[in-house]
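Below is one structure, written out as structure tokens, with a few remarks after it.
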Amino acid sequence: MVYLLCLVLFLIGIYGVLTQRNLIKIILSLAVVESSVSLFLILLGYRVGGIAPIETAARPHESFIGMSVDPLPQAMVLTAIVISLGVLALSIAIAMRLYQRYGTYDVTQIRNLRG
Amino acid sequence: MDLLPLIVAVPLLAGFVLPLVPKRAERLADGLALLTAAVLAALSIVALRMPDCIYAIGGWNPPIGINFVLDGASKLMLLVVCVITFVITLYSPAYMVRFTGKRKFYALFFLMVAGMNGVVLTGDMFNLFVFIEIASIASYALVGFGCQKEELEASFRYLVLGSVASSMILLGIALLYAKMGTVNMAHLSDKIAAAGGLGGAGPTTPEGKASALLIFATVLFICGLGLKAALVPFHAWLPDAHPSAPTPISAMLSGLLIKTVGVYALARVLFSVIGITPVVSNVLMILGALSMVVGVFVAIGQWDFKRLLAYHSISQMGYIVLAIGLATPLGVVAGLFHLVNHAIFKPLLFLTAGSVEYRTGTRQLDQMGGLNKKMPVTGTTSFIASMSIAGVPPFNGFFSKLLIIIACFQAGRYGFAIAAVVVSILTLASFTKVQKYAFFGPLKQKWGRITEVPATMAAAMALLAVLCLASSALMLKGPREFLLGNAQRSLTERQEYVERVLGNKHAGGDESLKSF
């Protein structure tokens, strides 16, 4: 069920990207889309009552595998977050430059290209 | 074998070293960039002669660690990417003098090349995503490199659509991981095949059929990678982004980027990992045919030289996807052949358009006229490229289009074959217009003083024009089998791919996982 919430979040983000007119709001919607995917990935590895995926001598190997959360999605999410941070920084830089050129954040007034 | 990481590491290193060159020594930066590109081209040719192999990064063997895979398809793509990159690097120094920050340009340029080479080599789904993002982020920045109004706008639109596409790809990968518990391509392929693939013929698990999530993931991959490849319902960003970039980047984007992060990645995921089914094949063919037809119809009405070329990119990508979507051996060979040819003639067309803009300062076709008299090299190479893209016999475009049409007939898809012929004729019409308005006819008064472009730019264009003719040789049996046949087999034979990566007793992959 909780996975469906991620999908809902994803769709909300897409809706925002498609309908918003303000550049900053579009960028925020983009961040929502990216966060929803990160959330989904991290939930995949989650286990209720799980322990950190660090193996110690105190715990036998079999029970460790049964209890720890999956570390792979955590590694992937870290990478995905860094990438989305890069995209976010670049998009904000472009939005600032656009504001300098046009004096507005409204996409309906930034319309030189025909698409 | 130890050569594989170098193919990604060399451009990555160059990307970070070149901005450190002091501004006074921009000549040195030019030289280093050219040297890097030459080394890359040499590496790709050496890789061509190596046997198929894999490289496990950090010594972690395939099902666990990330690995690079060198097989027929990646050899072909590496050769195309590295050689074309070399030619475009040759063109760049003289062209880029009108922009400030040439060294930053090189940094982004080589970052993009590193990303593309990584996409081609990687054998890991998540790593594929990371390399797609490296190449894409560099390209977003490069589209807006001039910081003019239109360029920023195109860059922003490209960034928004590209990021949504990337999120879809990542979601698809997450779904595959959720279902199959691995992100290694070969391991995934093996497990998906065991689960019955997309068709859902496999055993029904307690959580329902494995195929439902797989279908969702496939749709996400087709949308996400289709957006990166600018197939027709997802093409809106391309006609803005490609012409707005500086010319060498337009050539890189149209010639290489949409192919590696778009078509190649799509083919790799659909053929090698998920496994193609008739439904997916039909979807690809319809997307391809739509792109082909819509692209060329919009292109005919364009008067902006680079914009016209960008629409033709959509149309030609349609040919490639249509042919690969046929999923017959001949179809895939024809698609890859056209991919190689398009990677040669489209950069050449963009470079000639850039040369005209370099001397005249305009991209409007009706402002030009008679430029052949003043710019013979640009005029001749542009003519060769136009004839190639339009599919006129001695040039490469004719042979690949012929193969595509034959493949369509062979598969019994007569409608698509006829569409391909009609689009080819319309392409010829469109490029007749380009040649007539830009290069033939009387010379306009105001262009009396222009001269040919600098020697390095002319040399780059001449080199590509020679390649336009030379790549026709891929039609001969020997070279075709060696380059295209191997590439086709490595894409379509899933079992071979799995065995190449995981070894013959690939069930052992699970054993080694258990010991963890």
Name the residues in segment B:80-91 that are over 12 Å from the mean Cα position of the chain (by Cα) and aliphatic (A, V, I, L, M), would you?
B:Val83, B:Val87, B:Ile88, B:Leu90
Residue satisfying condition, being crowded, with 16+ Cβ neighbours inside 10 Å, of a type in the set (Lys, Arg), more than 27 Å from B:Gly335 (Cα to Cα) and touching a residue at least 60 places away in the same chain (Cβ under 8 Å), within set B:Lys401, B:Lys374:
B:Lys374
Please go through segment B:436-471 and give me each residue that is over 15 Å from B:Ser355 (Cβ atoms) and crowded, with 19+ Cβ neighbours inside 10 Å, ordered by number.
B:Tyr437, B:Leu467, B:Cys468, B:Ser471
Considering only residues that are buried (at least 21 other Cβ atoms within 10 Å of the Cβ) and among the polar types (S, T, N, Q), look in segment B:473-491 and name the one that is nearest to B:Val263 (Cα to Cα).
B:Gln488
Test of understanding: among A:Ile12, A:Ile24, which residue is of a type in the set (Val, Ile, Thr), surrounded by 13 or more Cβ atoms within 10 Å (Cβ to Cβ) and more than 12 Å from chain B (Cβ to nearest Cβ)?
A:Ile12
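Only residues that are surrounded by fewer than 23 Cβ atoms within 10 Å (Cβ to Cβ) and either polar (S, T, N, Q) or touching a helix residue (DSSP H, G or I) at 6+ places or on another chain (Cβ under 6 Å) (or both): list them for segment B:404-415, please.
First, the residues of segment B:404-415 that are surrounded by fewer than 23 Cβ atoms within 10 Å (Cβ to Cβ): B:405-406, B:409-415.
Passing the criteria: B:Ile405, B:Phe409, B:Gln410, B:Ala411.
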Go through (1) part of a helix (DSSP H, G or I); (2) surrounded by fewer than 22 Cβ atoms within 10 Å (Cβ to Cβ); (3) more than 20 Å from the chain's Cα centre (by Cα); (4) not acidic (Asp, Glu) for B:Leu12 and report which single condition fails.
(3)
Can you report the number of residues in segment A:62-85 which are within 9 Å of chain B (Cβ to nearest Cβ), touching an Asp or Glu at 6+ places or on another chain (Cβ under 8 Å) and not β-branched (Val, Ile, Thr)?
2
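Mind listing whichever residues of segment B:20-47 are surrounded by fewer than 16 Cβ atoms within 10 Å (Cβ to Cβ) and either outside any helix (DSSP H, G or I) or not charged (D, E, K, R) (or both)? Even if it seems obvious, please write down each step before you answer.
From segment B:20-47, those surrounded by fewer than 16 Cβ atoms within 10 Å (Cβ to Cβ) are B:20, B:22-25, B:27-28, B:31, B:35, B:38, B:42, B:45-46; that's our starting set.
Hits for segment B:20-47 are B:Leu20, B:Pro22, B:Ala25, B:Leu28, B:Gly31, B:Leu35, B:Ala38, B:Ala42, B:Ile45, B:Val46.
What about A:Tyr105, is it hydroxyl-bearing (Ser, Thr, Tyr), more than 9 Å from chain B (Cβ to nearest Cβ) and within 24 Å of B:Asn127 (Cα to Cα)?
Details: hydroxyl-bearing (Ser, Thr, Tyr): yes; more than 9 Å from chain B (Cβ to nearest Cβ): yes; within 24 Å of B:Asn127 (Cα to Cα): no.
Judged against the criteria, A:Tyr105 is not a match.
Take the conditions within 25 Å of the chain's Cα centre (by Cα) and farther than 17 Å from A:Gln100 by Cβ and apply them to B:Tyr177. Does it pass? Please lay out each step first, then the result.
Numbers: within 25 Å of the chain's Cα centre (by Cα): no; farther than 17 Å from A:Gln100 by Cβ: yes.
So B:Tyr177 does not fit the description; no.
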Answer residue from segment B:67-124, given it is within 14 Å of B:Ala265 (Cα to Cα), assigned to a helix (DSSP H, G or I) and polar (S, T, N, Q) and is modelled with the highest pLDDT among those:
B:Asn117
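Any idea which residue in segment B:373-389 is modelled with the lowest pLDDT, counting only those that are farther than 23 Å from B:Tyr311 by Cα and part of a helix (DSSP H, G or I)? It would help to see each step written out before you state the result.
Quick first cut of segment B:373-389, residues farther than 23 Å from B:Tyr311 by Cα only: B:373-377.
Filter once more, so that each one left must be part of a helix (DSSP H, G or I): B:373, B:376-377.
On the way: B:Lys373: 80, B:Pro376: 86, B:Val377: 88.
Residue satisfying both the conditions and the ranking: B:Lys373.
Restricting to segment A:34-49, and then to whatever is of a type in the set (Val, Ile, Thr) and surrounded by 15 or more Cβ atoms within 10 Å (Cβ to Cβ), can you tell me which residue is farthest from the other protein chains (Cβ to nearest Cβ)?
Narrowing segment A:34-49 to residues of a type in the set (Val, Ile, Thr): A:37, A:42, A:48.
Those still in the list that are surrounded by 15 or more Cβ atoms within 10 Å (Cβ to Cβ) too: A:37, A:42.
Working: A:Val37: 5, A:Ile42: 10 Å.
Checking each candidate, the answer is A:Ile42.
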Filter segment B:222-250 down to the residues that are farther than 26 Å from B:Tyr91 by Cα, crowded, with 24+ Cβ neighbours inside 10 Å and either more than 13 Å from the chain's Cα centre (by Cα) or within 14 Å of chain A (Cβ to nearest Cβ) (or both) and list them by number.
B:Gly224, B:His235
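Looking for whichever is out of contact with any strand residue (DSSP E or B) (no Cβ under 8 Å at 6 or more places or on another chain), farther than 21 Å from B:Thr182 by Cα, small (Gly, Ala, Ser) and away from chain B (no Cβ under 11 Å) here; the options are A:Ala95, A:Ala89, A:Ala58, A:Ala31. Which one fits?
Values: A:Ala95 fails: away from chain B (no Cβ under 11 Å); A:Ala89 fails: away from chain B (no Cβ under 11 Å); A:Ala31 fails: away from chain B (no Cβ under 11 Å).
Residue meeting the stated conditions: A:Ala58.
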Could you check chain A for helices (runs of 4 or more DSSP H) lying wholly inside it with 3 or more residues that are at pLDDT 90 or above, within 16 Å of the chain's Cα centre (by Cα) and of a type in the set (Gly, Ala, Ser)?
A:23-45, A:71-102
If B:Val298 satisfies all but one of (1) farther than 22 Å from B:Asp71 by Cα; (2) surrounded by 24 or more Cβ atoms within 10 Å (Cβ to Cβ), what's the number of the condition it fails?
(2)
Log entry, pairs with first residue in segment A:24-36 being within 15 Å of A:Val107 (Cα to Cα), second being crowded, with 18+ Cβ neighbours inside 10 Å and β-branched (Val, Ile, Thr), beta carbons closer than 7 Å, six or more apart or on different chains, reads A:Ile26/A:Val17; A:Ile26/B:Val160; A:Ser29/A:Val17
Identity of the residue in segment B:146-174, of a type in the set (A, V, I, L, M, F, W, C) and more than 9 Å from chain A (Cβ to nearest Cβ), that ends up farthest from A:Ala75 (Cα to Cα):
B:Ala165
One residue from B:Leu270, B:Leu253 being free of Cβ contacts under 8 Å to residues at least 60 places away in the same chain and crowded, with 24+ Cβ neighbours inside 10 Å:
B:Leu270
Is it the case, given these coordinates, that B:Gly58 is at positive phi and either touching a helix residue (DSSP H, G or I) at 6+ places or on another chain (Cβ under 7 Å) or free of Cβ contacts under 8 Å to residues at least 40 places away in the same chain (or both)?
yes
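So which of B:Val421, B:Val392 ends up being under 25 Å from the mean Cα position of the chain (by Cα), closer than 18 Å to B:His312 by Cα and in a helix (DSSP H, G or I)?
After applying the criteria, what remains is B:Val421.
Run down A:Ala75, A:Ala57, A:Ala52 and say which single residue is surrounded by fewer than 15 Cβ atoms within 10 Å (Cβ to Cβ) and under 22 Å from B:Leu220 (Cβ atoms). Break it down stepwise before answering.
On the way: A:Ala57 fails: under 22 Å from B:Leu220 (Cβ atoms); A:Ala52 fails: under 22 Å from B:Leu220 (Cβ atoms).
A:Ala75 is the lone residue from the list that is surrounded by fewer than 15 Cβ atoms within 10 Å (Cβ to Cβ) and under 22 Å from B:Leu220 (Cβ atoms).
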Given the criterion in a helix (DSSP H, G or I), out of contact with any His (no Cβ under 8 Å at 6 or more places or on another chain) and under 17 Å from B:Val340 (Cβ atoms), identify the matching residue among B:Val273, B:Val263, B:Val269, B:Val280.
B:Val263
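Say whether the condition of being more than 14 Å from chain A (Cβ to nearest Cβ) and buried (at least 22 other Cβ atoms within 10 Å of the Cβ) is met by at least one residue in segment B:123-145.
For segment B:123-145, residues more than 14 Å from chain A (Cβ to nearest Cβ) and buried (at least 22 other Cβ atoms within 10 Å of the Cβ): present.
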Yes or no: segment B:184-192 includes at least one residue that is at pLDDT 85 or above, within 14 Å of another protein chain (Cβ to nearest Cβ) and under 25 Å from the mean Cα position of the chain (by Cα).
yes
If we keep just the residues of segment B:479-516 that are of a type in the set (Gly, Ala, Ser) and modelled with pLDDT under 80, which is nearest to B:Tyr55 (Cα to Cα)?
B:Gly503
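The values are calculated or read from the model by the stated rules, or taken from the named source; none is laboratory data. Computed from a predicted model, the values in this text were never measured in an experiment. Here Cβ is always computed from backbone atoms with ideal geometry, including for glycine, and neighbour counts include all displayed protein chains.
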